[in-house]
Structures are given as C-alpha cells and as structure tokens.
Amino acid sequence: MDRNQVQNAIVGVVASVLAFGALWIKILKTRKEIASHPRVNRDYERENYINSILYSGDRHCINMIRMRPIAFFNLCDILSRNNLLQSTKSVNIREQVVIFLHIIGHNVRFRVIGSRYYRSTETIHRYFRVVLRAILKLYKLVIRLPKESTPSEIRNNPRFYPYFKDCIEALDGTHVRASVPFNIQGRFRNRKGGTTQNILAAITFDLKFSYVLAGWEGSAHDSRILSDALSRLRGLRIPEGKYYLADAGYGIRNGCITLYRGVRYHLKEFSDQGPENAKELFNLRHSSLRIIIERVFGILKKRFRVLDAEPFWNFQTQVDIVLAGCIIHNHIMGVDPSDLLNYGLYEEPESDLIIPTLTVREEREEVREWSAKRDEIAQTMWTDYMARNIRMGKGNKEGTSKQFRWTKPMEHLFLEILAEEAQKGNKPSNTFKAVSFNEVVVAISERFQVQCDAKHVENHLRTVKNQWQTICTIRDESGFGWDDNMKMVTCDRATYDAAVMAHKKYEPFLNKSINHYDEMALVVGKDKATRSFARTFADIDLDDDNQDSVPIDGDNEEIEEVRTNVSSSGTSKRKRKNVQESIIDEQIKFMGEQLGNIANALKQFTTDKIPHLYEKLMSMEEEGFDDDFLCSVFDYLVSHESKAKAFLVKSKKHRKFWLQKFSQG
C-alpha cells in the first residue's frame, strides 16, 4: 500500500468520527434535561411513614389501616407466633401486614402502594399474596362454631325470650361486586344488573361470623346457596333442636325460621301503628333480632372498601379477600381482655360426617313441622302481647291496586319483540336496553288497547326468567328426557306423579309442548350459576406445599399479569416518550455499526500482508519449485499489489498453475 492510500484512509476515519461526534452532540442538546433531585433515603422514609400510621393516634391508624394499633400488633403477633408469616431480609412482618391492610382497606392499586412505600410493584404483589394466604389460615383461630346455649342478647330481653330461646344465630346473604370475563358475566349478573358474587353468612349475636360461603354467582337464588352450604361435607351445621333466623328468600326448612311472606314487619311495636295480629308481631320481632346481620355486613363493607368497589384481581382472589375480610373482622371484634384467640387452636369436628338424604314426603313433613313451630312461636308471642294490654293500631287495609294481566297473545307478542331485539344486539348480557322495553310497551298498548308501561314489561320478564329457570332445573334432573322437535320435557307416569307431588310448579312443563321455547331461549336464556367458584373457610388448603401458595421469590408470569392489569393515567404519555427515545437509540446504534464497519475495513486495508505472501510462496517448494525462482516471484508480487492479492485468494492447485505459467515467460 502506498503512502497516499494510507493517508486517505486515515482522513476518512477521522471524518467519520467527527461526523458521529457532531450528531451525538446535537442529540444531547435536543434531549430534555431531567432535573436532579436530592437522594432519598428510602428505608428511612418508609419506616417513618409506617410509624406515622401506627403511632399518631387511634383515629389516624383506623383511617389508614382500618383498625386500632392494639388490634394491629395483636394480629402481627398471632401471625408470627403461629408461623404463618415471617420477616424477610428486606420486609418485616409489620410492613407486610400494613401494606395488605392499606390495600384492602382503601382498594388501592399495587403501583400506588409501591410508590408510597418505596417498593416495586412486584414486591407489593408478592407480599400481598403471602399475607392473604396467612390471613386465610387464621380461620381456625377466629371462626367458632355456634354455642347451643341461648345467646345472652335473647335471654336478657323479654321481647325475644322465651320465644326465640332455641335460636342460635342469624343467617342472611349479601352481594359483593365481582369482576369476571365477559363470557360468564350472565351468571354473575344480579337483579339490579351488576356483576356480583352472592355471599351466605351465619353471624352470632355478638357480631361475629361463624360461617361464610363466598363465590356463588350473583344470579343464584338464596335458597340454592343455603342448600349447597348444608350439603357440603364441612358445611353449615345446625345443632339438633336449634334454628337460625333467616330471610324469607331462604324458605322455611329444617333449622331455619323465616318471616311470614306477604306480612308487613316495618312497624313500631309501642305506638298507635303497632302490629295487628300474631304474624305481624312475629315478623316485627324476627326482623328486630335479625337486624344484627345487616349491621355486620355494613361494618364489613365500611371497613374494607375493596368489598364495595370494582376489583382488579382474578375472581379466585376476590373470593379469598371476602373470606380474609371476615376473618380480620372477627379478630378485631375479639381483641379484648377475654380474647378467645389466646385460648389456642380451634379443633375441627371429625369430617367423616354422613349427610342424610330425605325423601320427598319427609321433606314436606319437615317443612310442615317447622311451619307449625313458627306458628306456635308467633301465637304465643301474640297472646303475651295482647295480655299486656298494649293498644293496637288500625285494622288491615286491603290493597286496591289492580294488577296487569298478561294473556297468551300478549305473551307471544312480548317474546317475539324481545327475541328480535336480542338478535339486533340490544341485549348486551342478560338485560335489555330501555328502547327494547319501549318497543314492547307501544306494541301491546296499541294492539290490545290496554294501559301497559315499562314496569309491567320488566315484571313479566322476571316471570319468564323464573319459568326458564324451572325448565332448566327439570332438564338437569335425572329421569327426564327432552324432545327437541316438540320442545317438550318427557317422562314416564311414575316420574310425573312424583315430580308434581314434590314440585307443583313442574306440572305445566311436563309432557307438554313448551310454547315459544326458542324465543324464550333468546330472551332469557343464560348460563346457570354453577357454584364452581364458591368457597368457605373449610376449603382453605392448609398444606404449605400447595401449588397455589405464592413463594417469596414470586411468580414472574403472575406478576406480569398484575402489571398489565394495573391501570395508569400516564400510560399513553410514557408510550410516546418511549417511541421517541427508541428512534434516537436506533439512530445511534446504526451510526455505531457503520463506524465499526469502517474501522474493520480500514484495519483489513492497512494490514501488512507481505509476510503472509512470503509464507504462501515458500510453501510451494513442495510442488517442485526451487528457492531462487520463488524469491524472484515474491519480488515481482510485492511490486504488483493487485496480482499479489489475486495470488493469495487462489487455491493451492491454481497457485501451482499460475507459477508454471509465470516460469514459462
């Protein structure tokens, strides 16, 4: 290589470096400078914030973590003492529990909590799962079976004793908002149109939970959930001769006494508008005693705002949080000098329980027996009430409101219109839009010359839903067939007689073609509640090796899912900023690659290949060429650079041919 070529190559490299430097300076000038802030001691700030929660007074502590410091420290002590929760190198038990209570107390997202406690979102999510699991395992300590003795709240009140002396607890349900995939929302949509889970709870008169069954779909009827609770292996148990006070929706049955249907109970006992008969007095005192369960539900939802807000976890976690909230509620109610938590672990009853199965006749006799018991209590209560000479109010006033009567042609038109509306997309889930109801109102009013309004249509839609539910229930039972051509439930005579005797409402749908079945399927057809998500304390797996438990190291896939689900108002801004930065980074990367290519080419260009040429030529002595001849060839190739390069790229065979040709002239 001559001197001019080397100089040109060096100049090219210097020019490339200067161009790259100029581009880099321009990029740095166009970038927005980030103002530097003083370094934050995260450990100090975090500890200071937690101390401000726990040591700034009871009111502030309740506002932040929904319990007083004494209950909080007692909870941490129980979790630690029973090896349910352990401090780690970076996060102690106190911080783990504070974070968990802060989240469920205010329904705060993991990212917000992470920024407040100077922790990553992954760390917050990991320890939230760890604490949730530990809280669920506390149920053996704080959930107690009901006592068979008469509660003091009844025994010490002449309004309730001796009439309710065999009552042990109150039973009722509540709905908690649920977030589920769109394809199963129909099963979770309740009568008010929202997606919820239906929760059954038994509560003592000292405001504690003794049994909770959570996770049932919001569309499920209360009586169906109660039947599930009673049929579970470690489900709800009623001592012999005792009973629960329950809402009318559960139906009177063995161990459950409900209100009289169609009888008022919002009365004032000691006033001019008092009860006028035994049933009204019974309903009044029944509801007065059972009101404690509504109070407990109110306390629970007020304490843990996560139960009354849109959840952002998967549904199984939503169910676990309900159970955990009930456990923490019992713990808070029990923190006093006679705290039952200090008495040791609760021993469960044996699980080899045999659940008896009753025949249809026995079930009917059982219902009559408990109805008679309710009547006896009501009559005794009324007799004592009259004996005290308490002034009664005015007589009953019979209702005079007229009901809208639906004829067969009206119902046919009703289903026909709503089926068309469903096909048009005016039924988002299992509810119709208002415009669909208006279509039915106008059509029926004009064709049949009656006064029909949207309320009549909504009420009749509920009736059709009940009919559809009955049809689905019949088809699910054994002994019944289905003729799809006739749209008819089929059965033999013996099955028919037994079914009608047990369930009178089955009769219109057995061995008879169901009118407008296809239209009903479009209008009210939906997935039935399946109880597949339902869970109670007894279903909590206490095996530490359970695959559902979350180790301290965390699950990357689950963490990534949580990060994806956590919402943030600044997402779009960050995306735009990331796109701009990625473009600049690509430009810099491209320039760097080009500069590297130039340097490699220059290196190859300027490398001294003369020794390599000499070595290759001298190796040709093996082919019969003498040393003097090869030296003359070497001198020739050094002075002719292009021919030297061509010689080096040739194979050994071609080099031999070239040397032979060169020797010949």
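The values are calculated or read from the model by the stated rules, or taken from the named source; none is laboratory data. For clarity, every value in this text was computed on a predicted model and none was experimentally measured. Using ideal geometry, Cβ is built from the backbone for each residue, glycine included, and neighbour counts are taken over all protein chains shown. These accessible areas exclude ligands, DNA and RNA; they are computed on the full protein's heavy atoms, side chains included. Shrake-Rupley method; radii C 1.70, N 1.55, O 1.52, S 1.80 Å.
Just wondering, is there one or more residues in the range 125-132 that are part of a loop (DSSP other than H, G, I, E, B) and either touching a Phe, Trp or Tyr at 6+ places or on another chain (Cβ under 8 Å) or open to solvent by 60 Å² or more (accessible area, probe 1.4 Å) (or both)? Quick ask: steps written out before the conclusion?
First pass over the range 125-132, keeping only residues part of a loop (DSSP other than H, G, I, E, B): none.
No, the range 125-132 contains no residue that is part of a loop (DSSP other than H, G, I, E, B) and either touching a Phe, Trp or Tyr at 6+ places or on another chain (Cβ under 8 Å) or open to solvent by 60 Å² or more (accessible area, probe 1.4 Å) (or both).
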Pairs under 8 Å by beta carbon, first residue within 17 Å of Pro611 (Cα to Cα) in the range 638-665, partner hydrophobic (A, V, I, L, M, F, W, C) and not in a helix (DSSP H, G or I), six or more apart or different chains?
Glu641/Met1
With respect to Arg94, determine if the residue is buried (at least 22 other Cβ atoms within 10 Å of the Cβ) and touching a Phe, Trp or Tyr at 6+ places or on another chain (Cβ under 9 Å).
no
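Mind checking which residues of the range 162-178 are part of a loop (DSSP other than H, G, I, E, B) and either buried (at least 16 other Cβ atoms within 10 Å of the Cβ) or at positive phi (or both)? Walk me through it before giving the result.
First, pick out the residues of the range 162-178 that are part of a loop (DSSP other than H, G, I, E, B): 162-166, 178.
Matches in the range 162-178: Tyr163, Phe164, Asp166, Ala178.
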Just to check your reading of the model, which residue among Ile252, Ile199, Ile257, Ile225 is crowded, with 21+ Cβ neighbours inside 10 Å, out of contact with any Cys (no Cβ under 6 Å at 6 or more places or on another chain) and modelled with pLDDT under 85?
Ile252
For residues in the range 355-379 being surrounded by fewer than 13 Cβ atoms within 10 Å (Cβ to Cβ) and under 14 Å from Leu230 (Cβ atoms), which is modelled with the highest pLDDT?
Leu358
Residue check, Arg232 within 17 Å of the chain's Cα centre (by Cα), basic (Lys, Arg) and modelled with pLDDT of 85 or more
no
Close pairs from the range 521-538: first open to solvent by 20 Å² or more (accessible area, probe 1.4 Å), partner in a loop (DSSP other than H, G, I, E, B) and at pLDDT 70 or above, Cβ under 8 Å, at least 6 apart
Lys526/Ser219; Lys528/Ser219; Arg531/Ala220
Single residue of the range 202-216 satisfying the filter (open to solvent by less than 10 Å² (accessible area, probe 1.4 Å) and touching a Gly at 6+ places or on another chain (Cβ under 9 Å)) that is modelled with the highest pLDDT:
Leu213
Checking Ala443 against (1) open to solvent by less than 40 Å² (accessible area, probe 1.4 Å); (2) hydrophobic (A, V, I, L, M, F, W, C); (3) farther than 20 Å from Glu420 by Cβ, which single condition isn't satisfied?
(3)
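I need the full set of residues from the range 279-295 which are hydrophobic (A, V, I, L, M, F, W, C), surrounded by fewer than 22 Cβ atoms within 10 Å (Cβ to Cβ) and touching a residue at least 60 places away in the same chain (Cβ under 8 Å), in order please.
In the first step, residues of the range 279-295 are kept if they are hydrophobic (A, V, I, L, M, F, W, C); the result is 281-282, 284, 289, 291-293.
From the residues that got through so far, the ones that are surrounded by fewer than 22 Cβ atoms within 10 Å (Cβ to Cβ) too are 289, 291-292.
Matches in the range 279-295: Leu289, Ile292.
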Given the conditions (1) open to solvent by 10 Å² or more (accessible area, probe 1.4 Å); (2) at pLDDT 90 or above, and given that Gly114 satisfies all but one, which numbered condition is not satisfied?
(1)
Could you tell me which of the residues Glu153, Glu148 is over 33 Å from the mean Cα position of the chain (by Cα) and more than 21 Å from Glu240 (Cβ to Cβ)?
Glu153
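Give the residue that is nearest to Ile291 (Cα to Cα), with candidates limited to residues of the range 229-249 that are in a helix (DSSP H, G or I) and open to solvent by 10 Å² or more (accessible area, probe 1.4 Å).
Per the criteria, the residue is Ala248.
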Regarding Val649, is this residue open to solvent by 80 Å² or more (accessible area, probe 1.4 Å) and either in contact with a strand residue (DSSP E or B) (Cβ under 7 Å, 6 or more places away or on another chain) or under 29 Å from Ala9 (Cβ atoms) (or both)?
yes
Between residues in the range 241-253 that are among the acidic types (Asp, Glu) and residues that are crowded, with 20+ Cβ neighbours inside 10 Å, which pairs lie under 8 Å by C-beta distance while being six or more apart or on different chains?
Asp247/Leu171; Asp247/Asp172; Asp247/Gly173; Asp247/Thr258; Asp247/Leu259; Asp247/Arg290
Which of the numbered conditions does Pro151 fail, given that it passes all the others? Conditions: (1) surrounded by 16 or more Cβ atoms within 10 Å (Cβ to Cβ); (2) closer than 26 Å to Val319 by Cα; (3) not acidic (Asp, Glu).
(2)
Search the range 54-75 for residues that are at negative phi and pair each with any residue that is hydrophobic (A, V, I, L, M, F, W, C) and open to solvent by 20 Å² or more (accessible area, probe 1.4 Å) when their beta-carbon atoms are under 6 Å apart and the residues are at least 6 apart or on different chains.
Met67/Ile332; Ala71/Ile332; Ala71/Val335; Asn74/Val335
